[in-house]
Every structure is written in C-alpha cells, then in structure tokens.
Amino acid sequence: MADRRSTMHNPHSRKAMTHRRRRAIVVTGAVSAFLALGLVPLANAPKASADGLDVVVDQVVNAITGSLGDAAAGAAAVPELGSLGLGAAESTAAAAPVDGWLHALEQDWITSSFGQQVDTLLNGWFNQGAALAQVDSAQPMSENLLVNPGFETADPSGSGFSGVTIPGWTESGTPTVIAYGTHGGYPFGFTTPLPKFFDFPQTAPVGGGDNFAGGGPVATSSISQTVDLTGAAGTPFTLSADLGGQGLDPSFASEQITFLDAQGHVLGTDSLSPVTVWDRLGMTGFEERDISGTVPEGTTSATVTTTFTDKDWVLGNYNGAYADNESLIVGDPNLTAAPLAQPISNVGQLDHVFLIYMENKGVGDIVGSPNAPYINNLIQHNGYDSNYFALGHPSDPNYIRVVGGSDFGLDYNPAPPVIDANSLMQEMDQAGISWAGYAQSMPTPGDLVSSGNYSVDELPFAQFHYVYDNTPAYLQEHLLPLTDLQNNLADPSKFPEFTWIAADEANNGEGPINSLSGILHFIGGQLTNQQYNVPAADQFVQQEVSTIENSPTWTDPSQHDAIIITFDEDNNNLSLGIGNEGNNVPMIVIPNTGAVTDGGMVSGPFTTDAYYNEYSLMATIEDALRAGPGTLAPLTANDMYATPMNAFWRLNLP
C-alpha cells in the first residue's frame, strides 16, 4: 500500500464568510473596452456603493479616468506621444479635475430622485430585492463548513487555460483555479498575452484572497464536496458564494445544496441564482448570491455542488464561468469544517511502469472506431477508465504536467528548454529510481535536434533545464531511440523502472504536417470526421505493446509491471472548438501476471467511471515507484491532492 503523505492542513480559509448580501462587479469589462478601445482595465469596484446603478456609474467613471491615467503612463514610457500633445505631466494634470468633476457628477446623480428611481429599476432587473428566508441574527451559527472554500490551497494554472487539482473538492471535467491578476492568452502558439479586455479577473471581490475557481479550458465542469451535518437538522442554514464570469462569455456558474439522510436519500435541495452575462453587464467579475432556509429534518449530510456551465461559442469553448468565497453555515456552532487531507491511495508497488503517450484523439475518435481495432481490443480485455481527462491544449503542456506537476503558465508548445523547476526526473534521480524515454525516429541516444519525423518534444524531459543542460552521458542514458527498446527489455534488472514511449509525427495519432499532403489531411481531420492518422496510431500501439508483452521483463513472474496507454488531448488541439470532447481521452491500464497475482492490481476486463486526470496519472506513477517514505515527494498541490488511479488496484492487498 502506497504512503500518500498524510499531511493535514488547516481548512479555515482567510475567506471565512458571514451572512451578507453584496453586489460587486470588478475588473475588466465591456464598458472599459468600448470606452478605451479594449486596452485599459476597469478600476476596483466601488467600496461605498452597493447597488446596480452605483456599479454602472462607478465603472464608467473609473474607465474614463483610468484611460487618462493610462495615457499619462503611456506618454512617460513612449516619448513619441509627447509630439501628439499628450505628455505625462499634461495628462496627469488634465485627469485630476476631470476625475473630481466626474465623481461629483456621479454622487449628484446617485442621490437625485431620478437617479434613485433608475437605481430601483436596475435592482429590480437584477432581482436585488428578491425576498429570501432570513436567518435569525440571534441564532448562533457554525463556522464555514466548506473545506478550501476560497481555493487558496491550490496550485493555480499559470495560464488560466488548464485544469488543476482543487483540494477538498471532487471534480468533474476540467475545472481550474486561477490567480487574480493573471493575463489572458490563447492556447494556439502565441507567447504574448491578449489585450487587457481578455484578462482574467484582476481584483478579488470583498473577502477574496489570491485565487478563484473557473470552469476550465473546454467544457462544462463541476466541483462538489459533502459536509457532515449530524445534529443540525431543523436549524437554519445559509449558502452563499461570489459567482461571475468573463466579459461577454455567456457561460455561468450555479450552486446547489442537496440534503441527505444517513442512507443517502435526498431530503431536499436548494440553489443560488446564477450570475448571467446580463447581470454582469458584460463585464468580467463577480456578484454575491446567497440563500437561507432550514435544514430538513433527518438530515445528516449535505452535498454542495458548483457547476460551471459552458456557453461560450468562441475560443474553443473556453468556459469563462467563475466562483469564489463559497460558504455554508448552519445553526449549530459545534460543527466545524473537516480537515483538508490528501486522498487515500490503494496503488501498490510496481517494478516497471510503461507509459505509452499518444496524441490528439478523444474517446469518440477511438472507442468503437473501425480504424483502431487493436486499441479497442485492449479496451475490451483490460482495465479501462471512461472518465479520464486531459487538462488543456495544446500538446506539450499535457506532457509537462505529468512530470512537472504544473503547466508552468504554458498555453503553447515551447522550444525546449523552458522550465527551471523541480521535476519527476530529478526526484527519481535523487531516489535512485531509473527512468528513460524512448522516442521513435530519434537518430542517436541523447539527440536534442529535431530531424525528419523526430521532434525533440516527443518526450517532455528536454523541456526541463535539469535534463536539457545535463551532461552528454546523462542524456545518452535517459533519452533513447525506440529501436533500443526490445534489446533493453531482455534483462528486467537493468531495464528502467519508469519508461515513457513516444511515437513520431507519422504515427502518434495527430499525423505529420511537414508536407502539403500532411497539411491537407490534418485540415481535413479538423473539418470532418475523417480519422487522420488513427490507423497508424493503432499499429504503433500494437507494435509496442507486443514488444513489451513478449519480453523477459514482462513475462518474469517475479516482476510487477503495468502498461498505461493514453492520449495527450482530444482533437480540439487548435482550441477552435473542432473535435471538442471536453478533453475526455482514452485511458487503458494493462497489468502483467505478477502485478495481478501478488501486486494487488485488478485483472481485466473491466471499465471504471472514476474521475481521473493527468495529475492522477502523475500521483499513480509516484505511488507505484516510491522506494520508501520521503522519496518521490509531491511536487505541487496538483499531484499531492490528486486522487490516484485506485480503481486499477484491489482495496485489500494479498
């Protein structure tokens, strides 16, 4: 049984909430885009005003004065602007009286009779006056019972365009955590950010911390957690959250609470009203939603679920729905939030892990395809997870996550090396665990120059300075041509404990694009249901699995080995929404006889629908190869809190 580093964390976030209602729209929005050509951010949401009219007026005022401020800064940075009569001193001097005049005009408007009438009308549109069951202010209430309610314990996506592990929450799809202030980009090979209008929220709402949760890169997703409410039946409750979204993206977040009895029967539900793009006036930010009521009699627990519903029709269906400051309090002050703990691991020790990493095909492209008969045969006779997800686009970040525990802010395929951080390779070296990457068409061991069908980034290792900058002897030991695989498998005692096997451009599932024919086939595969390169990928998997399974390393009954076959992403690799399956990709696990007989692995055929993703894969590799306590320690919160792929092991080892 693997040691999953039973570190406990204090669940009490600095975002602990009290019962309140608040309206706040913050950061970049459509109004600023129209007023300042999409290049100036909105100022912070007004602290003194709380109603719909106040927000609108404040945003307009701040956008105008912010534009003047930006112009001043621009003049200081760009001397050429002085010739246009827009010097820094002049712009700053001009901004001050305009700012004062606009804010005085704002206050006159807000306090006027007509302004109050418009304010009332706006609040009616926004359901600001909706009647809610109120909690008795004299009733003692619990602390916030949600674990990690403000998503402060997380390793946020540096790009905002990849899913991450959200500690304390059960995930579905590819939800993410993003740091406030993250600039917007696009996962299509561009290394520079988009204009400020596309930025993620830059400023947290009141009570917010450093991070917020989002829907993630490609499709509808959700997060949930179950809270112990033993003894709270019949007491009041309040559920609240800051919900919001991105600019004109119509995606929205909603929140539901489901009350359960001891047998898991549903006793009642309630939900927060979503914050729509109309509620946000097309601006990026958050509004608070809350609801109060009474915990049904017989309740022993409740499940709180936040759903990020994807309605985006551009940018590859990026899900720009957001949530922060989630809270559940009940009328029992003795109840407290559960401690934040790492998931339990059933993963047993393995002698060899073979990872065959294919490209750009989702479940719908492979499962049942007549062009992939061998892979489908593997699915039908081994362990298969139908609910496994890649976490972003394009390809390379999906490789890097498995050995680095992060996307490192990458939303493009970089030229190696780009990452100066700890990695699974460094951890394995320190623990004395052998590893190697086998790349098809690599001319010679340790080759770091792409040529022919060989690309250096077929393997993720060279993206890390630790590997790329190492000695020639080190590279020749760890980066090997695929033609060496069969001979090296002859001796189990010398074969690497972790092996990454990669196909070249002609056989990886994506297909070559180094010729006119290849480009046309690739475009055809994007625009139609044509399964470009699927037959070649199927043949590659058959060749390599057969090579492994017929080797002395695999057939040795004393060896506990497993082959893991998956794909880096679905066919939406250009993030245009074409071939988008929400990044649900095949995951096949094949154990050898030794791993099943006394290694605790489950023999196929079977299918699980347990949710796993790339960080689950990383955690599984760590747990399976860990030589002892303290080795292969988690690199980030992503692999530390990811649920390992437990379904492929028995609960009780022999």
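FYI, it's all coordinate maths here, none of it is from the lab. Not measured: the values here are computed from a predicted model. Note that we place each Cβ from the backbone using ideal geometry, even for glycine, and neighbour counts take in every protein chain shown.
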With a/c under 1.5 counting as rounded, go ahead and sort region 352-648 into rounded, prolate or oblate using the C-alpha gyration tensor (a ≥ b ≥ c being the square roots of the eigenvalues; past the cut-off, prolate if a/b is larger than b/c, else oblate). rounded
On a full-extension model of 0.36 nm per residue, what is the gain between T483 and Q263, subtracting their alpha-carbon distance, rounded to one decimal in nm? 73.5 nm
Label-point separation, S493 to Q430 (7 Å along Cα→Cβ), nm: 2.9
When a footprinting reagent is the concern and you count Cβ atoms within 10 Å, what order do T174, T444, T226 take, fewest first? T444, T226, T174
In this structure, the FRET efficiency calculated for V367 and T336 from their beta-carbon separation, with R0 = 45 Å, to the nearest 0.05, is 0.50
For the pair V206 and V314, the simple spin-label estimate (label points 7 Å beyond Cα toward Cβ) gives in nm 3.3
Express the Stokes-Einstein translational diffusion coefficient of region 438-490 in µm² s⁻¹, to the nearest whole number, given a Kirkwood radius over alpha-carbon pairs, 37 °C and a viscosity of 0.692 mPa s. 293
Between Q476 and S603, what length in nm is gained on full extension when 0.36 nm per residue of separation is reduced by their alpha carbon distance? 42.1 nm
If Lys and Arg each add +1 and Asp and Glu each add -1, what is the summed charge of the other residues whose beta carbon sits under 10 Å from the beta carbon of G599? -2
Per residue of region 215-223, in order, report the coupling 6.51 cos²θ - 1.76 cosθ + 1.60 (Karplus, θ = phi - 60°) as ³J(HN,Hα) in whole Hz, putting x for Gly and Pro. x, x, x, 9, 6, 4, 9, 8, 9
Here the net charge surrounding G160, from other residues whose Cβ is less than 10 Å away from its Cβ (Lys, Arg +1; Asp, Glu -1), is -3
Can you tell me the FRET efficiency between Q380 and D420 if r is taken as the Cβ-Cβ distance and R0 is 41 Å, rounded to the nearest 0.05? 0.40
Computed FRET value (nearest 0.05) for E549 with H183, which takes r as the C-beta separation and R₀ as 45 Å: 0.40
Counting sequence-distant residues (5 or more places) and residues on other chains, those with an amide H built under 5 Å from that of T608 are Y384, D385, S386
Coil-residue chymotrypsin sites (Phe, Trp or Tyr not before Pro) of region 155-250, DSSP, other Cβ within 10 Å capped at 11: F190
Relative contact order for region 262-392: what is it in percent, counting Cα pairs under 8 Å that are at least 6 residues apart? 13
Skipping prolines and chain starts, which residues have an amide H placed within reach, meaning under 5 Å, of the one on R650, given they are 5 or more residues away or on another chain? M601, V602
Using θ = phi - 60° and Karplus 6.51 cos²θ - 1.76 cosθ + 1.60, couplings along region 453-464 (whole Hz; Gly, Pro as x): 7, 8, 10, 4, 7, 4, 10, x, 5, 6, 5, 9
Neighbourhood net charge (11 Å Cβ-Cβ; Lys/Arg +1, Asp/Glu -1) for V304: -3
